[in-house]
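S.K.: Before anything else, here's the structure in question.
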Amino acid sequence: MIRTALPADLDAIAALHTRARATYYRGRIPEDAYAGEAELARTREGWSMAVARAAGEGGVLCAEQDGELTGVAAFRTADGETTLTQLHVDPVHWRRGTGAALHAACVDAWRRAGIGRVRLEVYEHNLRAQAFYARQGWHPDPADADAERSGSHLTLWLSVGSGECDARTGG
């Protein structure tokens, strides 16, 4: 089941976020940058702000199975641009369709809001996420190929289109 996140979900969301990030950051960046009490508190605060946003400014969706939070996605619209800021599935629930269901729910929300194009940044070493997004129809930003990137993330874009659009292909 996909539903809108509630303030009561914040502890579970922050814990899931931390577990998911550990899978692709472990061994690449210092552990205190993605785990530990201080980072968990910072993560929870960030999710708290996302859950509190007005509907026109974004949304946070949760995937739930048998009362357990299995995934979470957040998006934000600011200055006329919509960004998928987070999409995490609990690693014990990978390969069960949770990420695809969350993504489809985001696409539906973007279509209802009349949003035609969405961006995201994905960690360059997170090949699993890059493959997932490619299957959902996201495409690399051509500027990434032509310029030296100063960060550790790639920018991807999705054309949402009308309700006729296939969310898996973006077209």
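S.K.: Where residues in segment 29-56 are of a type outside the set (Val, Ile, Thr), surrounded by 14 or more Cβ atoms within 10 Å (Cβ to Cβ) and not in a helix (DSSP H, G or I), which of them is modelled with the highest pLDDT?
M.R.: Arg53
S.K.: Among the residues of segment 108-127, how many are over 12 Å from the mean Cα position of the chain (by Cα), surrounded by 15 or more Cβ atoms within 10 Å (Cβ to Cβ) and not in a loop (DSSP other than H, G, I, E, B)?
M.R.: 4
S.K.: If Val92 passes every condition in (1) under 21 Å from His153 (Cβ atoms); (2) free of Cβ contacts under 8 Å to residues at least 24 places away in the same chain but one, which one does it miss?
M.R.: Only one criterion is unmet by Val92, namely (1).
S.K.: Would you tally the residues in segment 80-93 being over 25 Å from Arg117 (Cβ atoms) and crowded, with 16+ Cβ neighbours inside 10 Å? I'd like the intermediate steps shown before the answer.
M.R.: So in segment 80-93, the residues over 25 Å from Arg117 (Cβ atoms) come out as 90-93.
From what's left, crowded, with 16+ Cβ neighbours inside 10 Å: 90, 93.
Qualifying residue count for the region: 2.
S.K.: Condition first: hydrophobic (A, V, I, L, M, F, W, C), free of Cβ contacts under 8 Å to residues at least 40 places away in the same chain and under 18 Å from Thr98 (Cβ atoms). Now tell me which residues in segment 115-136 satisfy that. Give the steps one after another, and end with the answer.
M.R.: Start the filter on segment 115-136 by keeping residues that are hydrophobic (A, V, I, L, M, F, W, C), which leaves 115, 118, 120, 122, 127, 129, 131-132, 134.
Going one step further and asking which of them are free of Cβ contacts under 8 Å to residues at least 40 places away in the same chain, we end up with 120, 122, 127, 131-132, 134.
Once the filter is applied, which keeps residues that are hydrophobic (A, V, I, L, M, F, W, C), free of Cβ contacts under 8 Å to residues at least 40 places away in the same chain and under 18 Å from Thr98 (Cβ atoms), segment 115-136 yields Leu120, Val122, Ala131, Phe132, Ala134.
S.K.: Please determine, by comparing only the residues of segment 82-106 that are touching a helix residue (DSSP H, G or I) at 6+ places or on another chain (Cβ under 9 Å) and among the β-branched types (Val, Ile, Thr), which one is farthest from Gln65 (Cα to Cα).
M.R.: Thr82
The values are calculated or read from the model by the stated rules, or taken from the named source; none is laboratory data. Predicted model, so just to flag it, every value in this text is computed and none were measured. So basically every Cβ, Gly included, is an ideal-geometry build from the backbone, and we count neighbours across all protein chains shown.
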